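Report on the structure given below.
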Amino acid sequence: MVFSANPLSLSVPEPAFESWLRDSGYLEILDERTTNLDHHSSYSSNNQSDQKTTTTTAAASSTTTSSSSSTITSTSTITYTLFALSFSYLSIIFSLFTLNPFAKLTTDDFSGNTPSWTVGFIGSFDSYSFPSAPSQAKLRVHENIKRYARNYATLLVLFFACSLYQMPVSLLGLISGLALWDGVRYCSHRWNLEEYPSLKLTLVGFAQCATAVILYCSSVQIATFWAIAVGYAVMLMHASLRKLSPSKQPARADGNRRFLQSKNRG
């Protein structure tokens with residue numbers, strides 16, 4: 001559904017307004033809006049529970065039997081609330097492992113400038129919050145991976161370097177494999193193997209087999225596995241907890257962005 005540049009938000013249904021925010025690129029407002037709605041619903045539920053508990057306590061103060069019943073009711077309410085919160089958090093965490101975090105990632109996301117590590121990537125303490133729903137976690141993961149793709153790639157290389165530092169044999173094997181292929185390239189140019197395709201294919205096949213044996217014996221695959229596993233876990237945790245920061249969009253002449261932010265606060 002498409003609206004004009006400055007819609008009358010008071011007359012637009014909530015689902016349609018959220019769809020307009022998503023299509024217009026105001027994802028940070030949508031993220032903050034989802035969090036505020038969840039906090040409002042949680043606050044209303046807590047108020048209703050408190051009112052029920054107060055009413056039950058007032059009615060039960062007449063007799064000792066009623067007081068015991070009120071205590072049991074309060075304990076049951078607390079237990080149910082804790083169970084509901086635990087189940088909600090577990091469902092959100094489980095949803096992170098069922099989605100494809102690279103669904104919206106493109107090669108253009110790696111061609112731009114790397115966001116600032118302090119202000120953009122890490123941010124402040126207020127830049128993080130636990131997602132209130134699986135849909136919000138999905139929105140954050142997809143958008144943050146697009147924004148910080150170069151940062152996550154740098155972290156992956158750093159984790160791989162640290163794993164090789166902890167495994168000198170793997171580091172030696174990786175260097176040996178690179179040196180082997182550099183020797184193949186040198187021999188190909190030195191002996192002009194382009195004129196002898198069969199000999200060149202034989203040399204390349206021998207280099208491939210030798211490289212596989214070297215990498216397997218030096219356990220490079222283990223270092224690669226741990227680097228990818230740790231990098232993937234850190235990426236998911238950061239992308240799901242990091243709030244969506246305002247995207248660099250030019251302010252419109254009619255003040256539409258300021259209007260959206262004021263509407264969201266209201």
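The values are calculated or read from the model by the stated rules, or taken from the named source; none is laboratory data. None of the values given here were measured: they were computed from a predicted structure. Cβ placement follows ideal geometry from the backbone for every residue including glycine, while neighbour counts extend to all protein chains displayed. To get the accessible areas, we keep the full protein, side chains included, count just its heavy atoms, and leave off ligands, DNA and RNA. Shrake-Rupley method; radii C 1.70, N 1.55, O 1.52, S 1.80 Å.
Of 153, 223, 207, 227, all but one fail to be more than 38 Å from the chain's Cα centre (by Cα), modelled with pLDDT of 90 or more and surrounded by 14 or more Cβ atoms within 10 Å (Cβ to Cβ); the exception is 207. Candidates are the residues of region 186-204 that are surrounded by fewer than 11 Cβ atoms within 10 Å (Cβ to Cβ) and part of a helix (DSSP H, G or I); the one that is nearest to the chain's Cα centre (by Cα) is 186. Within region 83-103, the set of residues being closer than 15 Å to residue 240 by Cβ and not hydrophobic (A, V, I, L, M, F, W, C) comprises 88, 89, 91, 95, 98, 100, 101. The residue pairs whose first member lies in region 188-209 and is within 20 Å of residue 176 (Cα to Cα), whose second member is open to solvent by 90 Å² or more (accessible area, probe 1.4 Å) and in a helix (DSSP H, G or I), and whose beta carbons are closer than 8 Å, counting only pairs six or more residues apart or on different chains, are 188/194; 207/181.
Looking across region 78-101, the residues that are at pLDDT 80 or above and either surrounded by 13 or more Cβ atoms within 10 Å (Cβ to Cβ) or touching a Pro at 6+ places or on another chain (Cβ under 8 Å) (or both) come down to 88, 91, 92, 93, 95, 96, 99, 101.
Residue 111 falls short on exactly one of the conditions (1) open to solvent by 50 Å² or more (accessible area, probe 1.4 Å); (2) among the polar types (S, T, N, Q); (3) touching a strand residue (DSSP E or B) at 6+ places or on another chain (Cβ under 8 Å), and that condition is (3).
Residue under question is residue 124, and the condition is that it be among the small types (Gly, Ala, Ser), out of contact with any Leu (no Cβ under 8 Å at 6 or more places or on another chain), surrounded by fewer than 10 Cβ atoms within 10 Å (Cβ to Cβ) and over 17 Å from residue 155 (Cα atoms); does it hold? Yes, satisfied.
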